[in-house]
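Taking it in order: structure first as structure tokens, then the write-up.
What follows draws every value from the coordinates through simple rules; no lab data is involved. Only a predicted model underlies this, so the values are computations on that prediction, with no experimental measurement involved. Neighbour counts are summed over all protein chains in view; Cβ atoms, including those assigned to glycine, are modelled from backbone coordinates with ideal geometry.
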């Protein structure tokens, strides 16, 4: 078990109405009931029918609205369960209000309210809360100016009807302004970028995501549990009011719950056996009874939000608890947070894979270079030492061969330093070099080193190739000549460089050795094959008697 602690950060303020649609609707219902009751009390012509029954109904509706507001502020469970019943009750109350107040010249037959609602909803859809505020101000101002104009010219204006219209307009504008600002005014979720090298920041990504999720939702604590597909361990990181603990847990109930859990966000109360589960069709369903949540039991949490995290590395969940005034609206934002956390973990996993692939590529390239240069040079040096030994036995003068070997070692040392410098600084792909001159110098060097006859057949003049390509072809020729001498016992190697009809490079390497045996006829030289494939070319091996021939085609245009 490993633990990591981070510095505690101050918690941001919790907004009472953020993502609390149930509370806003319940409070608005009370305000509308109060405004409607006062409007009827101040209007001497209302109620039009059954005054005692009407006032009794309105007082009862106000009491019912106050009860619903208390429920919305105290219990997310009952607020969600009663939503359908409350909606039906509101519709019935509207119909009853129409019955008690409807007259031939009454307010409810006016198109003003319906048209104002249409304008405000249209502003909500198009421009969000800014459009709602602007539209509401225009409607209120224009209604007031129209009333002042009528009064100035002696027209009769009913002050009670005017006040009701303005009051309803203000209340409706407030509700729609909140709706537009909460649904469209939120900035997009964006997890903070952790410090460090991409691919090596998995712990930092998880701790940063926990802090961001806790402050976004207004939770006192948060935890992430991740189970990798190929490992029996479960990584659990917990942020309890700013103190972060990282734990690795072995197989057990938590791992079993992650393996079997449905992919659905859940608002739960384990003590009361209640849960609201978000379904894939944007609806919610309630569940009663025993609520089994492995991470909640591990963190000793009774009430909170649990949201699955989908990641390529494995299954995971995000747990949030101690949320002030938790409600069903929090499921949507928590789901968005879990989605962003999963994407951040996937990006980190991709960076780690890319880093591993880059390291593997460098290792393979370095191994090829060492094999085709240093290893083959040492093998050739061993051949020359054996020849020098024979010279000494025969009584011949060893000084010329020793001097030649010292020159060869000095030249190889320069090649090795050049390779080290290229690894440190990289190679410019825009630089060009004369391929024919490079191969001519190389074949002459290889002939002296391996004590064989080498021949270069090339088009007269220069063939300018990128320096990186020239280096790879030099290594191919070095490896081919070494193989022909060591394994084929050849005495002569011919190298031909030409351009085909599409100006692509063709390199042919042939020898007069033993060629390939029947058992090795299907084998391909690994280093040469890897280099040719990396250049996007094709390698063809012709088994001749005597010797063998390598035909290489590289799809690159050369210049003269």
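Overview of values
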quantity: Förster radius 51 Å - calculated FRET efficiency between residue 310 and residue 434, Cβ distance, rounded to 0.05; calculated: 0.35
quantity: Kirkwood Rh and Cα Rg combined as Rg over Rh, evaluated for region 427-557; calculated: 0.95
quantity: Backbone N under 14 Å from the residue 542 label point (7 Å along Cα→Cβ), restricted to region 471-499; calculated: 494-498
quantity: Cα centroid of region 265-326 to Cα centroid of region 25-63, whole Å; calculated: 41
quantity: Burial ranking of peptide ranges 338-344, 54-60 (average Cβ count within 10 Å, highest at the top); calculated: 338-344, 54-60
quantity: Peptide ranges 240-249, 381-390 listed from the most packed, as the mean C-beta count within 10 angstrom indicates; calculated: 240-249, 381-390
quantity: Computed lengthening from residue 88 to residue 247, 0.36 nm per intervening residue step minus Cα-Cα distance; calculated: 52.3 nm
